[in-house]
Number of protein chains: 2
Amino acid sequence: MAPRGGAGPRALLLLLLATALAGEAAAGAAAAALEEEIVSERAAEQSHRQDSANLVIFILLLTLTILTIWLFKHRRARFLHETGLAMIYGVLVGVILRYGIHVPSDVNNVTLSCQVQTSPATLLVNVSGKYYEYTLKGEISPQELNNVQDNEMLRKVTFDPEVFFNILLPPIIFYAGYSLKRRHFFRNLGSILAYAFLGTAISCLMIGSIMYGCVALMKVTGQLGGDFYFTDCLLFGAIVSATDPVTVLAIFHELQVDVELYALLFGESVLNDAVAIVLSSSIVAYQPAGDNSHTFDVMAMLKSIGIFLGIFSGSFAMGAATGVVTALVTKFTKLREFPLLETGLFFLMSWSTFLLAEACGFTGVVAVLFCGITQAHYTYNNLSTESQHRTKQLFELLNFLAENFIFSYMGLALFTFQNHVFNATFVVGAFLAIFLGRAANIYPLSMLLNLGRRNKIGTNIQHMMMFAGLRGAMAFALAIRDTATYARQMMFSTTLLIVFFTVWVFGGGTTAMLSCLNIRVGVDADQENLGVPENERRSTKAESAWLFRMWYNFDHNYLKPLLTHSGPPLTTTLPSCCGPIARCLTSPQAYENQEQLKDDDSDLILNDGDISLTYGDSTVNTDSVTSSGASRRFAGNSSEEALDRELAFGDHELVIRGTRLVLPMDDSEPPSNVLDSARHGPASCTKPEQKDHLFPGDSAIFI
Amino acid sequence: MAPRGGAGPRALLLLLLATALAGEAAAGAAAAALEEEIVSERAAEQSHRQDSANLVIFILLLTLTILTIWLFKHRRARFLHETGLAMIYGVLVGVILRYGIHVPSDVNNVTLSCQVQTSPATLLVNVSGKYYEYTLKGEISPQELNNVQDNEMLRKVTFDPEVFFNILLPPIIFYAGYSLKRRHFFRNLGSILAYAFLGTAISCLMIGSIMYGCVALMKVTGQLGGDFYFTDCLLFGAIVSATDPVTVLAIFHELQVDVELYALLFGESVLNDAVAIVLSSSIVAYQPAGDNSHTFDVMAMLKSIGIFLGIFSGSFAMGAATGVVTALVTKFTKLREFPLLETGLFFLMSWSTFLLAEACGFTGVVAVLFCGITQAHYTYNNLSTESQHRTKQLFELLNFLAENFIFSYMGLALFTFQNHVFNATFVVGAFLAIFLGRAANIYPLSMLLNLGRRNKIGTNIQHMMMFAGLRGAMAFALAIRDTATYARQMMFSTTLLIVFFTVWVFGGGTTAMLSCLNIRVGVDADQENLGVPENERRSTKAESAWLFRMWYNFDHNYLKPLLTHSGPPLTTTLPSCCGPIARCLTSPQAYENQEQLKDDDSDLILNDGDISLTYGDSTVNTDSVTSSGASRRFAGNSSEEALDRELAFGDHELVIRGTRLVLPMDDSEPPSNVLDSARHGPASCTKPEQKDHLFPGDSAIFI
């Protein structure tokens, strides 16, 4: 629903009922009225048909993309990821629409000068006795006035930028949070937070400063066609600091690259999207007192910083709260008996996060991110197996469609956007700036982090992270959000070029870079930590980040038992004064499962020592199969030992997430569980040919 | 995207650049401009926040509904189905919004009289030097003018009626077609078509006539407040002829009611929605020549009939064409290796049907219905097992959410719609009319059909069909589509009451009615036809409807081999002149599968004689498990014998659709595969306690 302008601070009710049109006979007026009605009905219908036709164009784009992706996957072509492909198709269609199709500018525009003090939200126009309602769409800048007369076709395929933030980005960001590989995420939490917050701030400042210098140079050489303030430069810095290495991560996943690198890159990209969006809002909200809105004002800056912190924490709180509520609801009801209801509830609660955050003035996208992480960490364990699959698949599909749609639109926008401002100096400066900004982000921070990390971030990993700073959907959406002024248009055009270049060139060069940097691939996450000797494990535990330990203990002893069915039960961990409450909040299973719910990303866990398939007996002994509610039988109970185990074993369980294990009944049906999760989190750590690794011996009953 | 008014028949470009506002100093003007900009930005943001808050209300409604549904299912309460429940919650919230919350009417409206000949699609308003763009929303009737000043809250929660046709109804109707129980549908095709087309026409005429009498009475007694023509009465007849027995079907499914009754009722409801929507469009399109638009004009009537036939067949063709294209694409590519891609493609193609139909001026909803049926009949067989589940679950969820949303909105509309016209005479007349209309539809047609049917439609079945004529989403959507005139408003208000009454009263009384009419329940579809003696089977075949036989042969010999991997291969069925084409179009599997692909609704078929679980060997023999591409080993090849088998065995296979068989590893996890498909087609024919029925003996390896 397009915004319609509701309550404003001023309440005006001006009824200017002037005289009707002269010069039309009564019968003629009636006939004209009827014809008028038909005309406007037909106009509305024409418009509806046009809108449908426009959407068909996009569906065609997406269909082409899907078929070509399949072709590439079929031939194992890794030089072009689906997002880069979608962009190419978008560019092609953009060219066709721009130069191939000419829709006669059949314009029905009227410019009125009305005696109003303000632009009302709703306008009632009296045309020969009939009233027509008009809604405020927005302000039009003078140069756009000409566009309005221009190629109607291009205008038609241009979406309201808010579509990205309200419809397309939420599923993408939610899925990123929901499919987060939590173990590695939390283990590297400190580093990821550092890169996301400090790194983005550094990058923003660095890029802003360089661009300011560039803009000053342009001013001196007379290339600058309009105003370009430092706040604009900072905004540009915030916009292009949002990395989106979806291409790189997909390749990492396929090749099973070093888990640590994957976790760092993924975690950083997911969080710095959130940081970038709130940062850009804060910069835009910079309103110094006085007439000149672009001077430096400490109070205004502090206010902006306050806005940043307020919005970020508010969005975080809202997202986490909804996740917690969903976890409690799924824990204390037996909704799991009905996967359809459970999935529906899950979807609605997650969607409501976005709407609630937006309604409260926070950032919906950031809220859904943290909602996704919370849902993955708590609610997921309460869902029935069926619902786990359904929710994962649902959001995987939404993510896939939304992402490719945005990238197609990016390609299209290169030709359909009518106010591009390409300036060679600015573009070159921008590329230089993002390169230096990324370097200033990665290298100094890595050095600092390595002082505190046991598992150092190697230089080749740092180089890879430097290389993998692709820009994508978030940068594009932030840039297109407001293209009213000259500065913003130049920023948008440049951002578009940056996205194209990084996705096509860096994305395509990932595989080469991996071998060049000697990053290990084919890492079997199962074996990742098994080789670590015992004494090292203990010292690993002893030296692991205090942040992680603190979080882990709190989560293990209080949050997990509260929100899921895992043990230890709250009755044991809470002080005795909270006895009644604890009893109330503890589910029956928690008493049975004195151990912590196996904190992992797996749906089914099969481990070397755990399977005992008994064929004589008709039931398969699935001692180690954890469905929600069950747990592993660990020796000992203390969270310390659990933490130890956590750190030692790592991800050696096999992660089978999001897809059913396909019964290999038909040999012509290859397993489809590896290559599907294109982006976030491996669906399975096994390569197809390692299918047999799952079980000891040759037993082939797959569960 | 709200329609923005594209190209109209007249091209006007009127630039009336009049003088700017006087009386504001330059600096003041600048400050005012800035403030103005902030004001309108804030207004837009406020509006956005309000829109988000409104959607939260609906999400809250749906969440409450889901939780209460679970509660009801938990306690096996069958007197109130989820749709009736959603309506109740909608009514409650409507009361709260109407009488509990008073949003000060902070109205920003301006009525202008402008010297324009027509209402342009886009309006540019010059306000002190800034240009604002306004888009035509639609015409406002005089009484609505007052509403514009009224409670803003109510206006905010009112959706544009096109939302129903463009966003909410398509998933519901598509799912209805996609989950159609095809076997029974095609077996009763003649009867279903008769009820849907003839029956709806009869009902429409009957209701229209009765209402015309009623309206004449009202006119005489002076109750009529506006014009009410015969075309309006006919339109009302078309609107309320659209039955929507979703409640009844859900109860039928749970109780496993007589399969024939289920098929007739479901098929009729699905098709008569399509007929009603096109019929109402045709009636609205009735435009006789001359001044008076409501006289009887044969040419206009013929034109309307032509429009009906044209739109219906055009939509049918479009839907079927997209289904065929999808079938071919999934057949000739190996997309099945990647369920995500396959599901994405399936979704996009189905969605494109709707858009294409709308773009071409047909009815998108009707197109998606036939697309759904085609997809279920052909494409489904080509999908991988994973994709079959994913697509079913995806559309099941969309259907569930959309349906409950509409019913919630119905309850809400009772209080939020501001132009209700309740008239006791009209309402009573309407109830009488729909009763008689339904009777005139069911009983005569059943009598006629029984002359030709071997398997007569019993009188108790006819009574049940009479009883089960509930109205729902389609009637509501058609009624709310246009509420500009007095007549339409009265029709809308009455339709709302009809929906409430039929859903709550008839829906609630279904179970009682079933026992009252002695309709058999607990019908195990497996056993349905096994008891039919051999000689009866043959005569059944001999006497089965020629329509069905014709269709079956054509489908078996040509369409299925063309669009799926089933045999007999086209090389054998097509004449030799088409040899090269036939070879090109026949897939390798078709040569192996000399038999017809088992035409059923099942994902996995487990039948008494087919399972041979070998436990010594580690692989489970799943001879009878059909994945796409496999087939049953039938004796003989002729389509006649296949037809015979088709008719004889019926649905004796166990239908397990849409859900995975859940491994009962954990006793606390009850099977979730029966009660989920609330509406269309049983997910499984077994009741939960009959879980063991699936397998011979006590073997408990579930596949």
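The values are calculated or read from the model by the stated rules, or taken from the named source; none is laboratory data. Since this is a predicted model, take the numbers as computed values, not measurements. As a convention, Cβ positions derive from the backbone with ideal geometry for all residues, glycine included, and neighbour counts pool all protein chains shown. Side chains are part of the model used for accessible areas, which takes the heavy atoms of the whole protein and leaves out ligands, DNA and RNA. Shrake-Rupley method; radii C 1.70, N 1.55, O 1.52, S 1.80 Å.
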### Query
From the residues in the range B:395-405 that are surrounded by 24 or more Cβ atoms within 10 Å (Cβ to Cβ) and not aromatic (Phe, Trp, Tyr), which one is farthest from B:Phe164 (Cα to Cα)?
B:Glu396
### Query
Within the range A:357-379, can one find any residue that is of a type in the set (A, V, I, L, M), more than 16 Å from the chain's Cα centre (by Cα) and surrounded by fewer than 23 Cβ atoms within 10 Å (Cβ to Cβ)?
yes
### Test: residue in the range A:300-310 that is open to solvent by less than 30 Å² (accessible area, probe 1.4 Å), more than 8 Å from chain B (Cβ to nearest Cβ) and within 25 Å of B:Leu60 (Cβ to Cβ)
no
### Message
Considering only the range A:216-223, I want to know if a residue exists there that is in contact (Cβ under 8 Å) with a residue 40 or more places away in the chain and in a helix (DSSP H, G or I).
### Response
yes
### Message
Whether any residue in the range B:304-312 is farther than 25 Å from A:Arg42 by Cα and in a helix (DSSP H, G or I) is what I want to check.
### Response
no
## Note on the structure
By residue number, the members of the range B:333-385 that are under 24 Å from B:Leu585 (Cβ atoms), in contact (Cβ under 8 Å) with a residue 60 or more places away in the chain and within 13 Å of another protein chain (Cβ to nearest Cβ) are B:Arg336, B:Ser350, B:Asn382, B:Leu383, B:Ser384
### Task
Just need a number here: residues in the range B:527-567 that are at pLDDT below 80 and open to solvent by less than 40 Å² (accessible area, probe 1.4 Å).
6
### Query
In the range B:457-530, which helices (runs of 4 or more DSSP H) lie fully inside it and hold 1 or more residues that are within 22 Å of B:Ala274 (Cα to Cα)?
B:459-467, B:473-480, B:486-501
### Query
Applying the selection to the range B:68-79, what residues are closer than 19 Å to B:Val91 by Cβ and surrounded by 15 or more Cβ atoms within 10 Å (Cβ to Cβ)?
B:Thr68, B:Ile69, B:Phe72
### Task
Identify, by number, the condition in (1) modelled with pLDDT of 95 or more; (2) open to solvent by less than 10 Å² (accessible area, probe 1.4 Å); (3) over 20 Å from B:Asp160 (Cβ atoms) that B:Met464 doesn't meet.
(1)
### Message
I'd like the full set of residues that are closer than 24 Å to B:Leu414 by Cα, modelled with pLDDT under 75 and of a type in the set (Ser, Thr, Tyr), limited to the range B:75-118.
### Response
B:Ser105
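Do you know which residues across the range B:468-510 are open to solvent by 30 Å² or more (accessible area, probe 1.4 Å) and closer than 17 Å to B:Ala250 by Cα? Walk me through it before giving the result.
First, pick out the residues of the range B:468-510 that are open to solvent by 30 Å² or more (accessible area, probe 1.4 Å): B:481-482, B:484-486, B:488, B:497, B:501, B:504-506.
Correct list: B:Trp504, B:Val505, B:Phe506.
Does A:Leu414 satisfy the criteria of being open to solvent by 10 Å² or more (accessible area, probe 1.4 Å), under 23 Å from the mean Cα position of the chain (by Cα), of a type in the set (A, V, I, L, M) and at pLDDT 95 or above?
Details: open to solvent by 10 Å² or more (accessible area, probe 1.4 Å): yes; under 23 Å from the mean Cα position of the chain (by Cα): yes; of a type in the set (A, V, I, L, M): yes; at pLDDT 95 or above: no.
It is false that A:Leu414 is open to solvent by 10 Å² or more (accessible area, probe 1.4 Å), under 23 Å from the mean Cα position of the chain (by Cα), of a type in the set (A, V, I, L, M) and at pLDDT 95 or above.
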### Message
Criterion first (aliphatic (A, V, I, L, M) and without any contact (Cβ under 8 Å) to a residue 60 or more places away in the chain) does B:Ala320 satisfy it?
### Response
yes
### Query
Can you tell me how many residues in the range A:224-255 are closer than 26 Å to A:Gly199 by Cβ and part of a helix (DSSP H, G or I)?
20
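If you check A:Phe347 against the conditions, is it open to solvent by 30 Å² or more (accessible area, probe 1.4 Å) and assigned to a loop (DSSP other than H, G, I, E, B)? Walk me through it before giving the result.
Numbers: open to solvent by 30 Å² or more (accessible area, probe 1.4 Å): yes; assigned to a loop (DSSP other than H, G, I, E, B): no.
For A:Phe347, the condition - open to solvent by 30 Å² or more (accessible area, probe 1.4 Å) and assigned to a loop (DSSP other than H, G, I, E, B) - is not met.
Yes/no per residue for (1) open to solvent by 20 Å² or more (accessible area, probe 1.4 Å); (2) modelled with pLDDT of 95 or more; (3) within 19 Å of the chain's Cα centre (by Cα):
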{"residue": "B:Tyr178", "(1), (2), (3)": "no, no, yes"}
{"residue": "B:Arg182", "(1), (2), (3)": "no, no, yes"}
{"residue": "B:Phe185", "(1), (2), (3)": "no, no, yes"}
{"residue": "B:Asn188", "(1), (2), (3)": "no, no, no"}
{"residue": "B:Ser191", "(1), (2), (3)": "no, no, no"}
{"residue": "B:Tyr195", "(1), (2), (3)": "no, no, yes"}
{"residue": "B:Cys214", "(1), (2), (3)": "no, no, no"}
{"residue": "B:Leu217", "(1), (2), (3)": "yes, no, no"}
